[in-house]
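Report on one structure; see the data block that follows.
The values are calculated or read from the model by the stated rules, or taken from the named source; none is laboratory data. Because the structure is a prediction, the values reported are computed rather than measured. Cβ placement follows ideal geometry from the backbone for every residue including glycine, while neighbour counts extend to all protein chains displayed.
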Amino acid sequence: MSIANSIIRLLQQQAQEQHFKRVKHVWLQVGPLAMVEVESLRFCFTAACRGTLAEEAALDIISPEARARCQQCGEEQPVTSRFDACVHCGSYRLQLLQGDEMRVHELEVE
Amino acid sequence: MMCGVCGCGKDEVQVGSTNGHRHDEHQHKPHQTDDTRRLVQIEQDILSENAGYAVANRELFEQQALLALNLVSSPGSGKTSLLTATITRLSGQVPLAVIEGDQQTSRDAERIRAAGATALQINTGKGCHLDAHMIGHAMQQLPNLQGGLLFIENVGNLVCPAGFDLGEAHRVVILSVTEGDDKPLKYPDIFHHSDLLLINKIDLLPYVEFDLNACIDYARRINPDIEVIQLSARTGEGMESWVDWVNQRRQQRLQQRISALQAEAIRLESLL
């Protein structure tokens, strides 16, 4: 719920900076390793929108694939968790390149 | 950060005896009749608001040469006992304060005060973690801690505190041997974002099925650089290593501040 409220505050701030009155559509990017339950976020977002500039706004959540680069052998690969081993050399020294992001990507406003 | 699941709410946050400010007032706007729809690229991190407060806290800590440590763990790992044992060993040597985060009660803050340190309780109400904004407010209530130590005891929770930077210099995760040795795998994010793993209650190792080596191996799969100290806050075993770790980091923090001030003095002298 605090994440949904953060999104609304972010929309309110953007409304002042970018001069819009209402938000009709919100596109979020939430990576699979972002520690957030997407269905819960949808539910909370709807609740948080009530009585705000984003009332009844549509919500789309884009989930990019999680990818990491091995710091041992340099190979880039998809990953499914924070403790995957490198599929090429077996090292656990994988640096996440994408997949833990949680950001507001785009808005449709009026 | 699974606040969507556990029902985090900022409304009930209380810092010390004062009510937490509400920063989530909704704006009621009249319906706009014109039909000038447009797309706006935002690309903004949802936690950027917290990140902004964390940056401000970090600057404040640096200016005060204050070492701030964010202590995270599940409930019952012995965070408060560890802190009281730490305070006993450090009190009188350096300015020291503790910010206690709990959903309810000021019992932990009272335990810290009884051990001889300044303590400020933050009650998060329904909230499951401390955030950088609460810490900023707490700092306004604390005395001058220049060159000293600030321990932030986060709400007992291995999930949500992982996502919220408080502006600390280091995050310390505490795991006790009465928990499962596979906890790093179950709650990877908190271990990924921590610099030090304290394995507490090692005096109980003979009585529990806890594989110390497996636990450390799991933690290092998630975070190959994590440091590990084994200790028992109750018997004092290993406490010296932990206190040394803290003191070393505090010395480094002081040294960094001195270097920054010296560099600034040189810059100013060149303008004379």
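Restricting to the range A:96-110, what's the tally of residues that are in a strand (DSSP E or B) and facing chain B (nearest Cβ under 8 Å)?
8
Among B:A51, B:A68, which is the only one that is under 17 Å from the mean Cα position of the chain (by Cα), within 28 Å of A:Q12 (Cα to Cα), modelled with pLDDT of 85 or more and not in a loop (DSSP other than H, G, I, E, B)?
Going through B:A51, B:A68 in turn, just one is under 17 Å from the mean Cα position of the chain (by Cα), within 28 Å of A:Q12 (Cα to Cα), modelled with pLDDT of 85 or more and not in a loop (DSSP other than H, G, I, E, B): B:A51.
Looking only at the range A:27-41, how many residues end up being without any contact (Cβ under 8 Å) to a residue 40 or more places away in the chain and in contact with a helix residue (DSSP H, G or I) (Cβ under 8 Å, 6 or more places away or on another chain)?
Number of matching residues: 3.
Mind listing just one residue for me: the one in the range B:143-195 that is part of a strand (DSSP E or B), under 9 Å from the mean Cα position of the chain (by Cα) and not aliphatic (A, V, I, L, M) and, of those, surrounded by the fewest Cβ atoms within 10 Å (Cβ to Cβ)?
Restricting to residues being part of a strand (DSSP E or B), under 9 Å from the mean Cα position of the chain (by Cα) and not aliphatic (A, V, I, L, M), the top hit is B:H170.
Return the residues of the range A:1-19 that are within 7 Å of chain B (Cβ to nearest Cβ) and over 13 Å from the mean Cα position of the chain (by Cα); say none if nothing qualifies.
A:M1, A:S2, A:N5, A:R9, A:L10, A:Q12, A:Q14, A:Q18
I'd like the full set of residues that are assigned to a loop (DSSP other than H, G, I, E, B) and out of contact with any Lys or Arg (no Cβ under 7 Å at 6 or more places or on another chain), limited to the range B:202-226.
Our first condition is that a residue be assigned to a loop (DSSP other than H, G, I, E, B); within the range B:202-226, this holds for B:208-211, B:223-226.
Correct list: B:V208, B:E209, B:F210, B:D211, B:N223, B:D225.
Determine, yes or no, whether B:L47 is of a type outside the set (V, I, T) and within 14 Å of B:G167 (Cβ to Cβ).
Taking the combined requirement at face value, the residue satisfies it.
Considering only residues that are surrounded by 12 or more Cβ atoms within 10 Å (Cβ to Cβ) and within 13 Å of chain B (Cβ to nearest Cβ), which ones fall in the range A:65-90?
Across the range A:65-90, the qualifying residues are A:A66, A:A68, A:C70, A:Q71, A:Q72, A:V79, A:S81, A:R82, A:F83, A:D84, A:A85, A:C86.
Would you pick out the residues in the range A:47-60 that are more than 8 Å from chain B (Cβ to nearest Cβ), surrounded by 15 or more Cβ atoms within 10 Å (Cβ to Cβ) and not hydrophobic (A, V, I, L, M, F, W, C)?
A:E55
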